[in-house]
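**Student:** Sharing a structure with you now.
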Amino acid sequence: MKNIFKQAFHSPRFVIGFSIFACILLTMLIYPLLMPGNPLEMIGLGTFFRPGTYVSVYDALDADSRTIKLSDADDNRLAKAMSDADRISMMEWLAVAGVPAEDIDLRDTHGLISLWKKYYDPSVRPEGMTKAKRNYYERLNNRLVAVTRADTITMLSPDAETGEMEERGRVAKTDYVNVSDVTNVRRLPLGTDNFGRDMLKELVSACGTSLFIGLVAGGIATFIGLLLGLLAGYIGGLLDDFIMFFTNIFTVIPSFVILILISFSIDQSQRGALTTAVVIGLTSWVWTTRSVRAQVLSLRNRDHVNLSKLSGHSLSRIVLTDILPYIASYVVMAFILQISSGILAEAQLSLLGLGPKTTTTPTLGLMMNWAMLYSAHINGAWWAYYPVILTIALITFSLNLMNTGLDQVFNPQLRS
Amino acid sequence: MHEGSNRPTDNRPTENCPTEKRVCLSGTGVTKVFGAGSRKTVAVDHVDFSFNEGEMISIVGESGSGKTTLVKMLLGLTSVTDGDLYFMGKKRDIRTRRRKKAYWKGIQAIFQDPFSAYNIFKKIDSVLLDCVHMRGGRHLPHEEKIRMISEACGFVNLKYEELTNKYPFELSGGQMQRLMIARIFLLRPKILLADEPTSMIDACSRATILDMLMKLRAEEGMTIVFITHDLGLAYYVSDRLMIMEKGVIVEQGAADEVILNPQHPYTKQLLSDVPKLTEPW
C-alpha cells in the first residue's frame, strides 16, 4: 500500500492532477476562514458588478486628502469621456475642416484634443451634415469642456433642523486619498452575480457543495456497482443472469434521461444537495457493475482462489481477501471517475433547472443556471460564468489526470 | 526408459502390501460438458476410474485432453455434468459448505503454476496458518502453531525463520512449490491431486519436488494422483498409469504393463514421442 502511494507520486500526471485538486481543496477550506459570512448574502443592489475593488465614496471624502499633480490626469479624464465612436466622429469633423488624414492619430488623446480645440467651431455648418449630427458635435464638445474645466466640487449637506444647505468641503481635481486610508473598501475579485452576491465567495462555497455531491454520488455508484459486480461475477448462475438483465436495461436507457425524469418527479422543495447526489449515484452504477463483473469473472477461476476454497474459506472471506484486493486499484480509479462524472451530472441537471433547490446552497451547476437565466453572456458579464466553467473543468481535469496517473502505476505496460 | 531398468522400486509400499488396496476415490461415467448447442464441448467423456489407498496414479495426456478438468471435478471446484463420484466408499456429497470443508480435509491439490497459486496480498504465514486452523488447531497456543509450521517447512527443506513475514513474490518458483507441499504435509489429506506440479519448475528443483511427493506417500501413506503430460516422468514415479485422450481414458493399468506392452495406438504414439538420449530423433 505504501509502495503504491510512493509510486503514484512518481507519476508526473498523478502529481499534477493531485496538486491542482489539493489547491482547490485548500482554497475551499481556507477561504471561508478568511472571509467568513453567508456566501449567498446579497450585498450589491443591482446585477453583475464588474470585478474590482469597491471604495466607499462617502468614506473617501472623510479620508485625508493629499494633493498630487499629475500631468496626464486631464488626458486620462478626457480619454474616459470619449468612446471609440466619438473619436471616429471627431476625426470626420477634422477631415471636413481640412486636417490631413496622416496628422490625425486616433489613439493619441492629447493630440486629438488639441486638434479638436483648434478646429472645432459650432458656428460652422459643413455641407451635407444633418442638424442632428451638428447637435451631437455640440454635446460632445460641451462634455469635453466640462471634463477639463479646472473646477473644484463643493459638497453640501442639509442641516438637520433648518434644512439649509451647509458646505461640508471641497474636492479639487488634484485631491487624492490613499485607498488604505478609506474605512470601507470591498474587494470583489470576481464581481457580483445577478443577485448582487460576491461571486468568489459563492464560487468557493459552490465548489464545496459540488465536490460533496460528486463524492456522495460517486460513493453510491461505486458501492452499488462493486456489490452487484462482485455478486454477479463470483456467484454467477441465475443471480448473474438476473443482475445482468437489470444492468443491461439500465445500459440501454441513457442514464441522463432517467436522471432528468427522477429529478423532475421530485418536488423542488424536496431537492437538496444530498437528494440530488443520491439520485445521480443511483443512476450511474451501471458501468462499474459491468467492468467489476468482467474482472471478477477472470479472477474467480484463478489458482489462488481455488486454493482459498480448498483451505475452507467462506464465500465472503474469499470475496473480501482473494478477489477484492486484486480489483481494488480498478475500483479506486472507477471511483475517481465517478466523482468527476457526478460533478458534471449535477452541473448538467442544474443547468436545466432540475438541480438542488436554489435558495440555500450554491452549486457550480446552479451558478451556471443563474448566469444563463439572467443573460450574463448577453450582458457581457463574463465573470458570472467563465470562472465557474473553469472551476468545473479544473476539478474534472485534475481528477481525470489523477486517474490516468494511477492507471500508469497499476498497469506498468502503459508507462512510456 | 522402455526397459524400466532405472525405475526406483524401493519406495513403493503398495506392491509389497497388497492387503492395503482399499478404494478411496472412484468414479463411474464422469462427464463434463461446457457450453450447449452448437458450441458444446465435451471435456471429459464418461470416464471410469478408481484410486486405491496409498497408490501413486498418473494421468497422462496432451494439452486439452481433459486432465485438469477431471482434477477440478474431483476436487469439487467444478460441477459434474453427469456420472457419480465415490469417496471412501460412499457417494460424494458436497452440497453444503460444511460438507465441502469436510471433503477438502480428505482431498487436496497442488497446482501447476506456483506463481499464481498464492494470494499476492497475503503473507506466506497466513497460508500455512490456514492449514493448521483447518486441521482443527485454531485454539492451539501460538507457539504450538509455529512449531507445526516449522516442522512442515523442515519437511520440504525450508527454514520457517527465513520465510516468515515474507510475501509470495519474494520466493523462487521452486520454493513456492515446496511450500505448497509443506501445506499438504500440514493438512495430511487422504488423497493428493498434483496437477503438473513440476512443469513450471526448473529441472533441479523438479527432482526435489518429486522426491518430496514420494516421501509424503512413503511416510503418510497418501494416495497421490499425478497429472502430467510427460510419459517418462509418469512411468518413473507411478504404480498405475491412465492415458487420456480427448476426454476419454484410452488405456489404464499397471505402469510396467502400459509402458512395456502398449495396446492403444495413442499410447504407442506418446511412447514414441518421448525424447531419448541414446537414439537420434
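The values are calculated or read from the model by the stated rules, or taken from the named source; none is laboratory data. Remember, it's a predicted structure, so these values are computed and weren't measured experimentally. Using ideal geometry, Cβ is built from the backbone for each residue, glycine included, and neighbour counts are taken over all protein chains shown.
**Student:** Only one residue in A:I24, A:I16 is farther than 17 Å from A:F212 by Cβ, assigned by TED's automatic domain parsing to the domain that holds A:L211, at pLDDT 85 or above and not basic (K, R), so which one is that?
**Tutor:** Of the residues listed, the single one that is farther than 17 Å from A:F212 by Cβ, assigned by TED's automatic domain parsing to the domain that holds A:L211, at pLDDT 85 or above and not basic (K, R) is A:I16.
**Student:** Can you name the residue in segment A:292-312 that is touching a Phe, Trp or Tyr at 6+ places or on another chain (Cβ under 7 Å) and under 15 Å from A:M244 (Cβ atoms) and, of all such residues, is surrounded by the fewest Cβ atoms within 10 Å (Cβ to Cβ)?
**Tutor:** Of everything passing the filter in segment A:292-312, A:Q295 is surrounded by the fewest Cβ atoms within 10 Å (Cβ to Cβ).
**Student:** Enumerate the pairs (first residue in segment A:26-43 and under 16 Å from A:A206 (Cβ atoms); second residue anywhere and loosely packed, with under 13 Cβ neighbours inside 10 Å) with beta-carbon separation below 9 Å, excluding pairs fewer than 6 apart on the same chain, so at least 6 apart or on different chains.
**Tutor:** Within 9 Å, the pairs are A:L40/A:T359; A:L40/A:T360.
**Student:** A:G312 passes all but one of (1) of a type outside the set (S, T, N, Q); (2) within 12 Å of chain B (Cβ to nearest Cβ); (3) part of a helix (DSSP H, G or I); which number fails?
**Tutor:** Evaluating A:G312 over (1) of a type outside the set (S, T, N, Q); (2) within 12 Å of chain B (Cβ to nearest Cβ); (3) part of a helix (DSSP H, G or I) leaves (3) as the failure.
**Student:** Identify, by number, the condition in (1) away from chain A (no Cβ under 14 Å); (2) part of a strand (DSSP E or B) that B:S65 doesn't meet.
**Tutor:** Checking B:S65 against (1) away from chain A (no Cβ under 14 Å); (2) part of a strand (DSSP E or B), the one that fails is (2).
**Student:** Would a scan of segment B:182-202 turn up a residue that is over 20 Å from B:M222 (Cβ atoms) and in contact with a strand residue (DSSP E or B) (Cβ under 9 Å, 6 or more places away or on another chain)?
**Tutor:** There is at least one residue in segment B:182-202 that is over 20 Å from B:M222 (Cβ atoms) and in contact with a strand residue (DSSP E or B) (Cβ under 9 Å, 6 or more places away or on another chain).
**Student:** Applying the selection to segment B:216-227, what residues are touching a residue at least 24 places away in the same chain (Cβ under 8 Å) and either out of contact with any Lys or Arg (no Cβ under 8 Å at 6 or more places or on another chain) or in a loop (DSSP other than H, G, I, E, B) (or both)?
**Tutor:** Correct list: B:L216, B:R217, B:A218, B:G221, B:M222, B:V225, B:F226.
**Student:** Considering each of B:T198, B:T223 in turn, give the residue that is touching an Asp or Glu at 6+ places or on another chain (Cβ under 6 Å), buried (at least 17 other Cβ atoms within 10 Å of the Cβ) and either among the hydroxyl-bearing types (S, T, Y) or modelled with pLDDT under 85 (or both).
**Tutor:** Residue meeting the stated conditions: B:T223.
**Student:** Still on this structure: Which ones in segment B:98-130 are out of contact with any Asp or Glu (no Cβ under 9 Å at 6 or more places or on another chain), free of Cβ contacts under 8 Å to residues at least 60 places away in the same chain and more than 7 Å from chain A (Cβ to nearest Cβ)?
**Tutor:** Hits for segment B:98-130 are B:R98, B:K100, B:A102, B:I120, B:K123, B:D125, B:S126, B:V127, B:L128, B:L129.
**Student:** In addition: Among what's in segment B:73-87 and is farther than 18 Å from A:I235 by Cα and surrounded by fewer than 16 Cβ atoms within 10 Å (Cβ to Cβ), pick the residue that is farthest from the other protein chains (Cβ to nearest Cβ).
**Tutor:** My answer is B:D84.
**Student:** Kindly check whether there is at least one residue in segment A:321-339 that is away from every other protein chain (no Cβ under 14 Å), crowded, with 20+ Cβ neighbours inside 10 Å, outside any helix (DSSP H, G or I) and in contact (Cβ under 8 Å) with a residue 40 or more places away in the chain.
**Tutor:** no
**Student:** Residue check, B:Y160 against (1) more than 11 Å from chain A (Cβ to nearest Cβ); (2) loosely packed, with under 15 Cβ neighbours inside 10 Å; (3) out of contact with any Asp or Glu (no Cβ under 7 Å at 6 or more places or on another chain), all met but one. Which one?
**Tutor:** (2)
**Student:** Given the criteria farther than 15 Å from A:S210 by Cα and at pLDDT below 90, does A:N411 qualify?
**Tutor:** The answer is yes for A:N411.
**Student:** Pick out the one residue from A:N306, A:N301 that is facing chain B (nearest Cβ under 9 Å), under 23 Å from B:F115 (Cβ atoms), among the polar types (S, T, N, Q) and not in a helix (DSSP H, G or I).
**Tutor:** Going through A:N306, A:N301 in turn, just one is facing chain B (nearest Cβ under 9 Å), under 23 Å from B:F115 (Cβ atoms), among the polar types (S, T, N, Q) and not in a helix (DSSP H, G or I): A:N301.
**Student:** For A:A146, indicate whether it is part of a loop (DSSP other than H, G, I, E, B), at pLDDT below 90 and either farther than 30 Å from A:S291 by Cβ or not assigned by TED's automatic domain parsing to the domain that holds A:T363 (or both). Even if it seems obvious, please write down each step before you answer.
**Tutor:** On the way: part of a loop (DSSP other than H, G, I, E, B): no; at pLDDT below 90: yes; either farther than 30 Å from A:S291 by Cβ or not assigned by TED's automatic domain parsing to the domain that holds A:T363 (or both): yes.
Against the criterion (part of a loop (DSSP other than H, G, I, E, B), at pLDDT below 90 and either farther than 30 Å from A:S291 by Cβ or not assigned by TED's automatic domain parsing to the domain that holds A:T363 (or both)), A:A146 does not qualify.
**Student:** Inspect segment B:137-152 for any residue being within 21 Å of the chain's Cα centre (by Cα) and either surrounded by 13 or more Cβ atoms within 10 Å (Cβ to Cβ) or not charged (D, E, K, R) (or both) and give the result as yes or no.
**Tutor:** Among the residues of segment B:137-152, at least one is within 21 Å of the chain's Cα centre (by Cα) and either surrounded by 13 or more Cβ atoms within 10 Å (Cβ to Cβ) or not charged (D, E, K, R) (or both), which makes the answer yes.
**Student:** Listed residues A:L112, A:L156, A:L106; which is in a helix (DSSP H, G or I), within 30 Å of A:L70 (Cβ to Cβ) and in the same structural domain as A:D72 (by TED's automatic domain parsing)?
**Tutor:** Result of the check over A:L112, A:L156, A:L106: A:L112.
**Student:** Can you give me the number of residues within segment A:175-223 that are outside any helix (DSSP H, G or I) and either free of Cβ contacts under 8 Å to residues at least 60 places away in the same chain or of a type in the set (S, T, Y) (or both)?
**Tutor:** Of the residues in that region, 3 qualify.
**Student:** Give the residue, chosen from A:G237, A:G208, A:G229, that is assigned by TED's automatic domain parsing to the domain that holds A:V319 and in contact with a Lys or Arg (Cβ under 8 Å, 6 or more places away or on another chain).
**Tutor:** Step by step, each of A:G237, A:G208, A:G229 is checked, and only A:G229 is assigned by TED's automatic domain parsing to the domain that holds A:V319 and in contact with a Lys or Arg (Cβ under 8 Å, 6 or more places away or on another chain).
**Student:** A further question follows. Are any residues in segment B:182-194 under 11 Å from the mean Cα position of the chain (by Cα) and either at positive phi or surrounded by 24 or more Cβ atoms within 10 Å (Cβ to Cβ) (or both), and if so, which ones?
**Tutor:** If the condition is that a residue be under 11 Å from the mean Cα position of the chain (by Cα) and either at positive phi or surrounded by 24 or more Cβ atoms within 10 Å (Cβ to Cβ) (or both), then B:I184, B:L192, B:L193, B:A194 are the ones that fit.
**Student:** Then there is this: Exactly one of (1) in contact (Cβ under 8 Å) with a residue 24 or more places away in the chain; (2) of a type outside the set (D, E); (3) surrounded by 21 or more Cβ atoms within 10 Å (Cβ to Cβ) is unmet by B:V258. Its number?
**Tutor:** (1)
**Student:** Taking the stated definitions as given, is A:R293 under 30 Å from B:L74 (Cα atoms) and away from chain B (no Cβ under 14 Å)? Walk me through it before giving the result.
**Tutor:** On the way: under 30 Å from B:L74 (Cα atoms): yes; away from chain B (no Cβ under 14 Å): yes.
Yes; evaluated as a whole, the condition is true for this residue.
**Student:** Would you list the helices (runs of 4 or more DSSP H) that sit entirely within segment A:341-416 and hold 3 or more residues that are in contact with a Lys or Arg (Cβ under 7 Å, 6 or more places away or on another chain)?
**Tutor:** A:386-410
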